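Structure first, then comments.
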Amino acid sequence: MSLKQSDPKIYEIIEAEKQRKREGLEMIPSENHTSPQVLEALGSILTDKYSEGYPGRRYYGGNQFIDEAERLTIARTKEAFGVPYANVQPYSGSPANFAVYLATCNVGDTIMGQNLPDGGHLTHGWKANISSKLYKSVPYHVKKDGYIDIKEVEALANEHKPKLIWCGATAYVREFPFEELSKIADGVGAFFVADIAHIAGLIIAGAHKSPVNFAHIITTTTHKTLRGPRGAIIMITEKGLAKDPELAEKMDKAVFPGGVQGGPHNHQTAAIAVALGEALKPEFKEYGKQIVKNAKALAEELMKGGVKLVSNGTDNHMMLIDLTPYGKGLGVFLQDALDLASMTVNKNTIPGDPSSPFYPSGVRLGTPAITTRGMKEEEMKIIATWIAQVANEIKNYRLPENKEEIKPYLKKFREEMTENQTIKEIKQEVLEFSKRFPIPGIS
Ligand code: DSN
């Protein structure tokens, strides 16, 4: 019996989501469209198996084929990134980063990472995350031009002598300065960890420099530019093994049984292997390079259309629209208006944001998913024009100062945007345009 027959409710939800994707443009830079083959592995019976432990040393019987899948995933990771060790079991990026802390730090140690409103990640020491509760977090920042403030990192590292320094972000548009930060970490004897979640696919494609020669440890999610299932990988470099020859054993123990995980998600592991197999093919190099070309083209056209971007452009797959020329806290307005025009982006803080993380003043967008659909620079020009037009429609709205007034104001804003003629016309154009670019995993 098909899912449609056995559970029509969930079937309809999945179909509606497929339609949303088919008829719109996915531009959240941390999302992508996985291949039918990745989806096939992800939907396989490997999900049924318990296999705590590691290949050849499990707590359950019947793991001979799971062992093969995990070994293959590890081998493909080592080949794709050029590292001597990989743990492919982390459920996702946050548990992977937590395992890194467990393997390298003691509770109370000092850690450094990029400040969240400056584009950094929650798990790199943000005040609301456990990483700042168990460890003493010293955040570093970006400068006015959007680049990491290397001098500040150096001064803070010399003053606070951290045990670990992160390099990585969720909203950083410039190439990561792996070499400079690794020198600072080496100078104070800290572990230098590169969290390449956003740019893993770009690194494999040669479209962003690799941290392999600079970092001791590398973490990544597998579902962003790498275009795999949701999941994560921890890698240790030769430099990491030289710093601590027992680091591999410590990391395995930190993932399981020491950390927040139980049995590995074997369907996910196998799907990561499929994604890595795809990423090792020559066409993936073209894909990764095209992501960056598209992002640069989109950024250029947006700026020509009068849209302000943090750091005036991008080196990677994403850009950050700075809406402060119109007012503060307008990210949600542009996000929702673009949503109504079938373009999906996310509201985001910008460096020095005058508003709050919930009502930030920026919007983050990127090109991994639309590049998967085969779009090129010509299409970016069209998309940029639409975004600039939508931005023009929201610029006279203002986030109320009084918190009580925000919800009713936003409700009214959404009602007005739903009836807005420009938005309606763009939505129709996006629909026609999207039909020309089928999504690989969606029939
Ligand atoms: N949520 C991810 C992102 O969107 O970048 C980071 O964890």
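Here are a few things to note about the model shown:
- Residue 10 being outside any helix (DSSP H, G or I), under 29 Å from residue 339 (Cα atoms) and aliphatic (A, V, I, L, M): no
- Of the set (1) among the small types (Gly, Ala, Ser); (2) crowded, with 22+ Cβ neighbours inside 10 Å; (3) on the phi > 0 side of the Ramachandran plot, all apply to residue 299 but (3).
- Looking only at residues in segment 103-153 that are open to solvent by 40 Å² or more (accessible area, probe 1.4 Å) and within 16 Å of the ligand (Cβ to nearest atom), the one that is farthest from residue 173 (Cα to Cα) is 130.
- Of all residues in segment 45-60, those that are under 28 Å from residue 284 (Cβ atoms) and open to solvent by 30 Å² or more (accessible area, probe 1.4 Å) total 3.
- Residue in segment 178-194 that is modelled with pLDDT of 95 or more, outside any strand (DSSP E or B) and within 16 Å of the ligand (Cβ to nearest atom) present: no
- Applying the condition of being in a helix (DSSP H, G or I) and surrounded by 12 or more Cβ atoms within 10 Å (Cβ to Cβ) to segment 15-29 and asking which residue is farthest from the ligand (Cβ to nearest atom) yields 15.
- Among the residues of segment 398-425, those identified as of a type in the set (S, T, N, Q) and not in a loop (DSSP other than H, G, I, E, B) are 418, 421, 422.
- The listed residues are 219, 269, 237, and the only one of them that is crowded, with 23+ Cβ neighbours inside 10 Å, over 18 Å from residue 167 (Cα atoms) and either among the β-branched types (Val, Ile, Thr) or within 16 Å of the ligand (Cβ to nearest atom) (or both) turns out to be 269.
- Here residue 65 fulfils each of the conditions (1) assigned to a loop (DSSP other than H, G, I, E, B); (2) open to solvent by 30 Å² or more (accessible area, probe 1.4 Å) apart from (1).
- Residue 431 being away from the ligand (no atom under 16 Å from the Cβ), surrounded by fewer than 20 Cβ atoms within 10 Å (Cβ to Cβ) and touching a residue at least 40 places away in the same chain (Cβ under 8 Å): yes
- Within segment 195-244, the residues that satisfy the criterion of being among the basic types (Lys, Arg) and either over 24 Å from residue 290 (Cβ atoms) or part of a helix (DSSP H, G or I) (or both) are 239, 243.
- Subset tally (residues that are closer than 18 Å to residue 117 by Cβ, part of a loop (DSSP other than H, G, I, E, B) and of a type in the set (D, E, K, R)) for segment 321-380: 2
- In segment 78-100, the residues that are within 16 Å of the ligand (Cβ to nearest atom) and either over 16 Å from residue 229 (Cβ atoms) or part of a helix (DSSP H, G or I) (or both): 93, 94, 95, 96, 97, 98, 99, 100
- Applying the condition of being part of a loop (DSSP other than H, G, I, E, B) and either over 20 Å from residue 264 (Cα atoms) or within 16 Å of the ligand (Cβ to nearest atom) (or both) to segment 30-44 and asking which residue is most open to solvent (accessible area, probe 1.4 Å) yields 31.
The values are calculated or read from the model by the stated rules, or taken from the named source; none is laboratory data. Quick caveat, the model's predicted, so the values are computed rather than measured. Methodologically, a virtual Cβ is constructed for each residue, glycine included, from the backbone with ideal geometry; neighbour enumeration extends over all protein chains shown. Accessible surface is based on the protein model in full, side chains and every heavy atom, while ligands, DNA and RNA are left aside. Shrake-Rupley method; radii C 1.70, N 1.55, O 1.52, S 1.80 Å.
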